[in-house]
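Enquirer: Sharing a structure, written as structure tokens. Questions coming.
The values are calculated or read from the model by the stated rules, or taken from the named source; none is laboratory data. No experiment lies behind these values; they were computed from the predicted model shown. Ideal geometry is used to build each Cβ from the backbone, glycine not excepted, and the neighbour counts take in all protein chains shown. Areas reflect the complete protein model, heavy atoms only, side chains present, ligands, DNA and RNA absent. Shrake-Rupley method; radii C 1.70, N 1.55, O 1.52, S 1.80 Å.
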Amino acid sequence: MEIRIKKDPRAEFVTVYADSPLTIEELVSREQDKPEYTVLAAKKNNTVVPLTQIIDRDCSIEYLDMRNQAANLIYQNSVIMIYLRACRDVLGDMVIDVRNSISKGLFTVAERILDDNEIEAIESRMRELIAEDIPFVLEEVSGKEAAERFAANNEPEKLELISRHTERVRFYSLDGYTGFFYGMMVPSTGYIEHFELKKYRDGIVVRFPHPKNPSVIPEYVEEYKMHDTFIEATKWQDILGVQFVSDLNRKIETGEYRDLIQLSEALHEKKIAQIADMITEQKKRIILIAGPSSSGKTTFARRLCVQLRVNGLHPLYLGTDDYFVERKDAPLDEYGEKDFESLASVDVELFNSNMNDLLEGREVDLPEFDFITGCKVFGKRITRLKEGEPVVIEGIHALNDDLTPYIDADEKFKIYISPFTQLNIDRHNRIPTTDARMLRRMARDFQYRGYSAQDTIRQWPKVRAGEDRNIFPFSNCADVLFNSVHVYELSVLKKYVWPLLWQIKPDEPEYCEAVRLIKFLSYFRSIEDDSVIVNNSILREFIGGSIFVD
């Protein structure tokens with residue numbers, strides 16, 4: 001039996017031979033030169049599979065560790081199942097909710113606030129379970145049997161969700177504790193090398209390594225403003241009557257989704273108006289807006305300008321892209337390619353000079369960057385601000401003080417925008433917000449840029465790496481965080497991206513990621529008629545029909 005093995009994404013395939021069937025886990029254990037990081041899963045013929053998968057014929061195998069998105073999620077699933085099992089052992093049948101991502105971990109809450117001794121006992125029990133190297137056992141049952149289990153366990157959100165799935169449902173068990181997870185697990189608890197529990201406000205953050213450094217728990221950074229945004233999002237979900245995917249599906253079936261869309265848009269508008277009021281009351285003049293890819297920065301900035309006008313102001317809107325250095329002078333990245341995401345690609349001196357001149361009431365010749373010639377063009381936007389009027393600036397480096405070193409700090413108001421929360425599948429299965437942003441980008445790339453879903457998936461790791469360098473480190477610097485998510489949006493985006501994902505072929509590198517996205521989108525009912533979505537909605541920036549985006 002010929003097996004082609006790729007041990008690292010940067011390496012070539014090598015060929016080995018086996019004379020009898022074996023699992024991928026056994027194959028890894030035979031390696032004389034062990035992989036740099038623990039292998040958590042694998043691609044078998046370009047499909048992500050658990051290490052327990054049996055090899056019984058010629059195939060290609062690619063090892064996956066924490067640096068891979070799919071393997072990273074498998075690690076998270078496994079940690080959370082160990083955590084839930086430990087919580088049951090320590091707390092009994094207390095309900096535990098896995099809420100959202102924060103501080104390089106997952107924020108969880110119990111029915112009541114836990115004390116330090118209880119948290120210490122849970123972590124201790126987790127380490128005992130890991131030391132025992134207990135296997136995660138996969139069991140597939142019929143939809144009917146799954147429904148009976150959920151009913152018996154008083155899990156209505158899972159019962160309602162799974163009632164639409166007639167195929168077999170996957171359960172994992174850990175030494176008598178059984179749970180439903182839509183993702184995979186590592187073979188056994190011993191694979192979990194690094195984790196920690198951190199008490200935070202009324203809950204616990206379950207923390208684990210970041211893909212950039214799979215062997216280390218990252219330094220803890222308290223993201224208190226982000227947590228406040230999550231509390232606000234929970235209040236929004238209560239107002240909307242949608243906590244899980246099953247709640248959204250029900251509203252789509254009954255036609256209540258139209259009212260849901262209008263209410264969600266109204267919450268956005270009210271929040272934007274509140275931010276405009278803060279800016280007006282504080283007499284801020286340099287409004288800086290940043291956020292990761294597909295957050296809706298352009299639409300938000302335009303809507304903020306409208307609300308500032310309601311307050312009697314006349315804001316000037318501009319983007320930092322017009323301040324790119326000449327293309328020939330752009331810095332290079334580690335691959336020798338032009339790095340347009342680096343702050344060094346921005347003409348910081350000219351930007352600061354222009355902004356200060358505007359603040360002083362002087363006439364300014366604002367540049368426009370010609371992306372065809374790669375040069376700034378002058379003479380098209382000669383303008384002057386009236387006394388007290390603000391400038392609304394949108395760009396990836398907007399929150400980085402190195403962009404505005406010569407502007408008085410008292411003039412600045414910083415806004416960080418992102419779809420911070422996403423509708424969870426159920427109490428224990430969350431959807432990463434990065435997936436929601438990628439689907440937004442996928443829809444927009446196809447509609448406006450002529451890119452396929454395959455192109456978007458291929459580019460996404462590079463996009464994420466740029467965000468980790470240039471955007472996420474500055475989120476805590478913001479005066480205000482704006483959550484641009486709509487709880488209904490994945491049901492709208494599904495209509496646009498579903499056929500694109502299915503076009504990716506099994507032999508293409510992006511296939512396994514497409515399969516993962518298709519799998520979680522299958523839990524959502526599609527909103528086919530999205531005409532009720534207003535033309536100034538952030539979502540319109542991605543699906544078309546926006547009055548702010550050409």
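Enquirer: Check whether at least one residue in region 231-242 is open to solvent by 70 Å² or more (accessible area, probe 1.4 Å) and either under 21 Å from A131 (Cβ atoms) or in contact with a strand residue (DSSP E or B) (Cβ under 8 Å, 6 or more places away or on another chain) (or both), and report yes or no.
Expert: Taking every residue of region 231-242 in turn, none turns out to be open to solvent by 70 Å² or more (accessible area, probe 1.4 Å) and either under 21 Å from A131 (Cβ atoms) or in contact with a strand residue (DSSP E or B) (Cβ under 8 Å, 6 or more places away or on another chain) (or both).
Enquirer: In the list I504, I527, which residue meets the criterion of being under 24 Å from P292 (Cβ atoms), in contact with a helix residue (DSSP H, G or I) (Cβ under 6 Å, 6 or more places away or on another chain) and not in a helix (DSSP H, G or I)? Before you say what the answer is, go through the steps one by one.
Expert: Working: I527 fails: under 24 Å from P292 (Cβ atoms).
Result of the check over I504, I527: I504.
Enquirer: Report yes if some residue within region 151-164 is in contact (Cβ under 8 Å) with a residue 12 or more places away in the chain, open to solvent by less than 50 Å² (accessible area, probe 1.4 Å) and touching a Leu at 6+ places or on another chain (Cβ under 8 Å); otherwise report no.
Expert: No, there is no match, as no residue in region 151-164 is in contact (Cβ under 8 Å) with a residue 12 or more places away in the chain, open to solvent by less than 50 Å² (accessible area, probe 1.4 Å) and touching a Leu at 6+ places or on another chain (Cβ under 8 Å).
Enquirer: Within region 422-442, which residues are touching a strand residue (DSSP E or B) at 6+ places or on another chain (Cβ under 8 Å) and open to solvent by 20 Å² or more (accessible area, probe 1.4 Å)?
Expert: R427, H428, R430, T433
The rows are residues; the columns are (1) open to solvent by 10 Å² or more (accessible area, probe 1.4 Å); (2) closer than 24 Å to R430 by Cβ; (3) modelled with pLDDT under 95.
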residue	(1), (2), (3)
F13	yes, no, yes
Q32	yes, no, yes
L51	no, yes, no
D56	yes, no, yes
N68	yes, yes, yes
I119	yes, yes, no
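Enquirer: Output the residues belonging to region 299-330 that are open to solvent by 40 Å² or more (accessible area, probe 1.4 Å), at pLDDT 95 or above and part of a helix (DSSP H, G or I).
Expert: Passing the criteria: R302, V306, R309, V310.
Enquirer: Would you confirm, using the coordinates I've provided, whether D445 is part of a helix (DSSP H, G or I), among the acidic types (D, E) and open to solvent by 10 Å² or more (accessible area, probe 1.4 Å)?
Expert: Taking the combined requirement at face value, the residue does not satisfy it.
Enquirer: Now, a different point. Could you list all residues from region 1-11 that are over 34 Å from the mean Cα position of the chain (by Cα) and open to solvent by 50 Å² or more (accessible area, probe 1.4 Å)? Steps first, answer last, please.
Expert: Going through region 1-11, the residues over 34 Å from the mean Cα position of the chain (by Cα) turn out to be 1-3.
M1, E2, listed by residue number.
Enquirer: Just to be sure before I move on: is E25 acidic (D, E) and touching a Ser or Thr at 6+ places or on another chain (Cβ under 9 Å) in the structure I sent?
Expert: yes
Enquirer: For region 171-188, does any single residue satisfy the condition of being at pLDDT below 90, under 22 Å from L423 (Cα atoms) and either of a type in the set (D, E) or open to solvent by 50 Å² or more (accessible area, probe 1.4 Å) (or both)?
Expert: No.
Enquirer: Going by what's in this entry, would E513 be described as assigned to a helix (DSSP H, G or I) and within 22 Å of I396 (Cα to Cα)?
Expert: no
Enquirer: Separate question: State yes or no: is F351 hydrophobic (A, V, I, L, M, F, W, C) and outside any loop (DSSP other than H, G, I, E, B)?
Expert: Answer is yes for this residue.
Enquirer: Return only the number of the condition from (1) charged (D, E, K, R); (2) in contact with a strand residue (DSSP E or B) (Cβ under 8 Å, 6 or more places away or on another chain); (3) open to solvent by 30 Å² or more (accessible area, probe 1.4 Å) that K414 does not satisfy.
Expert: (3)
Enquirer: Taking region 473-522 on its own, how many of its residues are open to solvent by 20 Å² or more (accessible area, probe 1.4 Å) and either under 29 Å from I287 (Cα atoms) or more than 17 Å from the chain's Cα centre (by Cα) (or both)?
Expert: Adding up the residues that qualify gives 20.
Enquirer: I would also like to ask the following. Contact list please: Cβ distance under 6 Å, first residue in region 375-387 and under 15 Å from M355 (Cβ atoms), second residue open to solvent by 100 Å² or more (accessible area, probe 1.4 Å), pairs at least six apart or on different chains.
Expert: R384/E363
Let's see how each residue does on (1) under 30 Å from P50 (Cβ atoms); (2) modelled with pLDDT of 95 or more:
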| site | (1), (2) |
| --- | --- |
| S491 | yes, yes |
| V497 | yes, yes |
| D507 | yes, no |
| Y523 | yes, no |
| R540 | no, yes |
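Enquirer: Looking at region 60-156, what strands (runs of 3 or more DSSP E) fall wholly within it and have at least 2 residues that are among the β-branched types (V, I, T) and under 23 Å from V205 (Cβ atoms)?
Expert: In region 60-156, 96-102, 105-110 are the strands (runs of 3 or more DSSP E) which contain 2 or more residues that are among the β-branched types (V, I, T) and under 23 Å from V205 (Cβ atoms).
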